[in-house]
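So the structure is just underneath, and the comments pick up after that.
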Amino acid sequence: YNRTREGDFTLHGLTGFDLHGKTVGVVGTGQIGAAFARIMAGFGCQLLAYDPYPNPELLALGARYMPLPEVLREARIISLHCPLTEHTRHLINAQSLAQLQPGAMLINTGRGALVDTPALIDALKSGQLGYLGLDVYEEEAQLFFEDRSDLPLQDDVLARLLTFPNVIITAHQAFLTREALDAIAATTLDNINRWAAGNPQNLVMG
């Protein structure tokens, strides 16, 4: 996009790859992970999955559930969709990144702290990680949803990530569609009405 705007219409460095036939690892197979898996299945991908609670929908798609280290070793593309808990914090770290196929792709649209960000930088520098897509960032609370374009970037880790040509970072905006906002508002109002009627739903315990 930027090259075209600048009048550079060459193809150098723009060779991609087909999704068809690639092995994709889905880490966390709740509603969002399952939706991602359906899309990947539509492209003809082979699905591997890791989740303590296998999703029958993914099994019906032909996904194979296996331990995380095996998913990391076998998949060419890894996408994270799990919640952040004490067990999933830095689930992707130096040790797990070393288990990836060299040049693998990692996508995180879950929670920033699912990954150890400095370890990502090391893996990018070595070529162990070939592509990285982030819609979340561990320190995003200090940065995202604000216009800081006229200020120096104080986060050295994020600044380093932004220097890699094979990294795409968006500001926690993958959810931002008109339909999603309508659904959030409708769910919120429904929860309030049910609570007011003495029939609360979607209770959060603990």
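The values are calculated or read from the model by the stated rules, or taken from the named source; none is laboratory data. All figures in this text were calculated on a predicted structure; none of them were measured in a lab. We place every Cβ from the backbone using ideal geometry, glycine too, and count neighbours over all the protein chains shown.
Structure data summary
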| read-out | value |
| --- | --- |
| Boolean, I192 is in contact with a strand residue (DSSP E or B) (Cβ under 6 Å, 6 or more places away or on another chain) and either part of a loop (DSSP other than H, G, I, E, B) or at pLDDT 90 or above (or both) | no |
| Residue within the range 105-118 that is in contact (Cβ under 8 Å) with a residue 60 or more places away in the chain, within 23 Å of Y50 (Cβ to Cβ) and among the aliphatic types (A, V, I, L, M) present | no |
| Selection within the range 195-206 - in a loop (DSSP other than H, G, I, E, B) and out of contact with any Lys or Arg (no Cβ under 9 Å at 6 or more places or on another chain) | A197, G198, N199, L203, V204, M205, G206 |
| Enumeration of residues in the range 1-37 that are surrounded by fewer than 10 Cβ atoms within 10 Å (Cβ to Cβ) and of a type in the set (V, I, T) | T4, T10, T15 |
| Meets criteria (assigned by TED's automatic domain parsing to the domain that holds G112, part of a helix (DSSP H, G or I) and modelled with pLDDT of 95 or more) for L47 | no |
| Residue within the range 3-13 that is among the β-branched types (V, I, T) and within 18 Å of the chain's Cα centre (by Cα) present | no |
| Of residues in the range 148-206 being polar (S, T, N, Q) and within 30 Å of T117 (Cβ to Cβ), the one surrounded by the fewest Cβ atoms within 10 Å (Cβ to Cβ) | S149 |
| Unique match (being β-branched (V, I, T), outside any helix (DSSP H, G or I) and in contact with a helix residue (DSSP H, G or I) (Cβ under 8 Å, 6 or more places away or on another chain)) among T15, T10 | T10 |
